[in-house]
1. Of these, T40, T71, which one is open to solvent by 80 Å² or more (accessible area, probe 1.4 Å) and among the hydroxyl-bearing types (S, T, Y)?
2. Conditions: (1) under 22 Å from G78 (Cα atoms); (2) touching a Gly at 6+ places or on another chain (Cβ under 9 Å); (3) exposed (fewer than 11 other Cβ atoms within 10 Å of the Cβ); (4) of a type in the set (A, V, I, L, M, F, W, C). I132 meets all but one. Number of the miss?
3. Hey, among the residues in region 51-68 that are open to solvent by 90 Å² or more (accessible area, probe 1.4 Å) and free of Cβ contacts under 8 Å to residues at least 12 places away in the same chain, which one's nearest to K39 (Cα to Cα)?
4. Mind checking whether some residue in region 84-93 is open to solvent by 50 Å² or more (accessible area, probe 1.4 Å) and either in a loop (DSSP other than H, G, I, E, B) or touching a Gly at 6+ places or on another chain (Cβ under 8 Å) (or both)?
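The values are calculated or read from the model by the stated rules, or taken from the named source; none is laboratory data. Given the structure is predicted, the values throughout are model-derived calculations rather than measurements. Cβ placement follows ideal geometry from the backbone for every residue including glycine, while neighbour counts extend to all protein chains displayed. Each accessible area value is taken on the protein alone, full model and side chains, heavy atoms only, with ligands, DNA and RNA left out. Shrake-Rupley method; radii C 1.70, N 1.55, O 1.52, S 1.80 Å.
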Amino acid sequence: MALADSPIPIEFTLITSMFFHADTWHLASNLLFLWIFGKTIEDATGHARFIIFYFLCGIIAIMPYILLNPTSQNPIIGASGAISGVLGAYLRLFPHSRIIAIYLRGIYPTLGQVPAEWVLIFWYGLQLLYGISADADQTTVAWEVHLSGFAAGMLFVPLFYRTRKST
């Protein structure tokens, strides 16, 4: 079916695509990152602002893929761009908070608390490395969506941040 023949207008697919995932691992990893980082960002922005922020990051994240691949017939699915926006927002607002993560201590995997900035900068670096080294014809991951979602989150979260009034 050609895009023009789609029962869903193209503009709406920017949002509806965030509700579909390639497989259980894709869904589970997005939900894990949303669970770890999303609640804190939602608390910082408020519920309604968080929803708007989330979808804005998801839509902005897709744009570089569309611009770099204008003739692609591959569907872009998943909430990874929006989730990446949440990660970028977390790095911007709470870089020194500590999160529980598995990391290597020598050759041994260790569970412990590490600064969020370490985890998020490492994650971003992996996305960049994968994006640079991936064969565009062979990969099923739109790495530019992850990278641009993260940047959108860092850039736009101050517009959504809810300042608390002290009493």
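1. On inspection, the qualifying residue turns out to be T71.
2. The one condition I132 does not meet is (2).
3. Just the residues of region 51-68 that are open to solvent by 90 Å² or more (accessible area, probe 1.4 Å), to begin with: 51-52, 67-68.
Pick out the ones that are also free of Cβ contacts under 8 Å to residues at least 12 places away in the same chain and you get 51, 67.
Working: I51: 12, L67: 32 Å.
So the residue we want is I51.
4. Yes - at least one qualifying residue is present in region 84-93.
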